[in-house]
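Participant: A single structure is presented below for examination.
The values are calculated or read from the model by the stated rules, or taken from the named source; none is laboratory data. Remember, it's a predicted structure, so these values are computed and weren't measured experimentally. Every residue, glycine as well, gets a Cβ built from its backbone with ideal geometry; the counts of neighbours run over all protein chains shown.
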Amino acid sequence: MSKTAAEMEAVMIQNLANKTGKSLDEWINIATDSKIDKHRALINYLKDEHGLTYGYANFIAHKTFRSDAGSAAQKNDLIAAQYAGPKAALRPIYDLIITAVKNFGDDVEIAPKKSYVSLRRNKQFTIVQPSTKTRVDVGINLKGAAPTGRLEASGSFNAMVSHRVRLSDKKNVDAELIGWLRQAYYASLFGLPLFAAKFCFNIIL
């Protein structure tokens with residue numbers, strides 16, 4: 001009887017530990033510490049610097065970037081669970097935000113958590129959370145920006161972001177919101193404060 005994908009992965013993980021003396025988590029930490037952000041470059045690094053075969057290096061790269069089928073499925077499951085049941089009508093809001101943010105650059109990382117989705121570049125710049133059955137909260141890191149209109153201070157919403165925008169309809173995903181998200185995206189590069197990001201990248205409020 002042939003093994004399932006999960007069983008084959010478990011064997012791969014065990015063989016990796018047996019042959020290298022390091023667990024998959026330890027190899028992922030090594031890969032992450034390398035700061036390499038491209039799949040092929042990471043494979044070459046693991047082969048050249050650590051003597052791994054292509055198969056193991058490719059496996060670790062997929063797990064590091066969460067680009068393997070299992071990790072991708074887990075991400076999709078987390079997002080689906082957030083917008084299940086009474087929150088299903090909010091999914092178009094999330095989809096529009098993700099479509100817009102992906103246009104900022106190919107370095108955007110979409111990292112679903114249990115109750116929200118974190119959007120990252122070098123660091124987290126936005127979170128998207130279906131807080132109630134009628135509202136999506138978008139947390140944005142815009143440190144130094146004064147709250148104005150619907151761009152309110154985060155307050156007790158989430159300590160990891162500086163501002164929050166409440167959305168109840170996909171029409172709320174407009175040019176104004178996308179502009180704030182773009183500012184946060186650029187500000188996350190090297191941890192630039194907002195005024196520096198606006199100066200360097202000529203971002204218009």
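Participant: Which condition breaks for Lys22 when tested against (1) surrounded by 12 or more Cβ atoms within 10 Å (Cβ to Cβ); (2) touching a residue at least 24 places away in the same chain (Cβ under 8 Å); (3) farther than 30 Å from Gly144 by Cα?
Facilitator: Condition not satisfied by Lys22: (2).
Participant: Just one of Asp25, Asp48 is acidic (Asp, Glu) and within 26 Å of the chain's Cα centre (by Cα); which is it?
Facilitator: Answer to the check: Asp25.
Participant: Just one of (1) on the phi < 0 side of the Ramachandran plot; (2) at pLDDT below 95; (3) out of contact with any Phe, Trp or Tyr (no Cβ under 8 Å at 6 or more places or on another chain) trips up Asp174, so point out which.
Facilitator: (2)
Participant: Scan the strands (runs of 3 or more DSSP E) fully inside region 100-165 and keep the ones with 3 or more residues being loosely packed, with under 14 Cβ neighbours inside 10 Å and either more than 11 Å from the chain's Cα centre (by Cα) or modelled with pLDDT under 90 (or both).
Facilitator: none
Participant: Scan region 98-110 and report the pairs whose first residue is in the same structural domain as Gly139 (by TED's automatic domain parsing) and in contact (Cβ under 8 Å) with a residue 40 or more places away in the chain and whose second residue is of a type in the set (Ser, Thr, Tyr) and part of a helix (DSSP H, G or I), with Cβ atoms within less than 8 Å and a gap of 6+ or a chain change.
Facilitator: Val101/Tyr185; Phe104/Tyr185; Gly105/Tyr185; Val108/Tyr185
Participant: Follow-up question, since we're still on this one. Quick one: Asn58 ticks every box in (1) polar (S, T, N, Q); (2) surrounded by 18 or more Cβ atoms within 10 Å (Cβ to Cβ); (3) touching a Leu at 6+ places or on another chain (Cβ under 8 Å) bar one, so which box is it?
Facilitator: All conditions are met except number (3).
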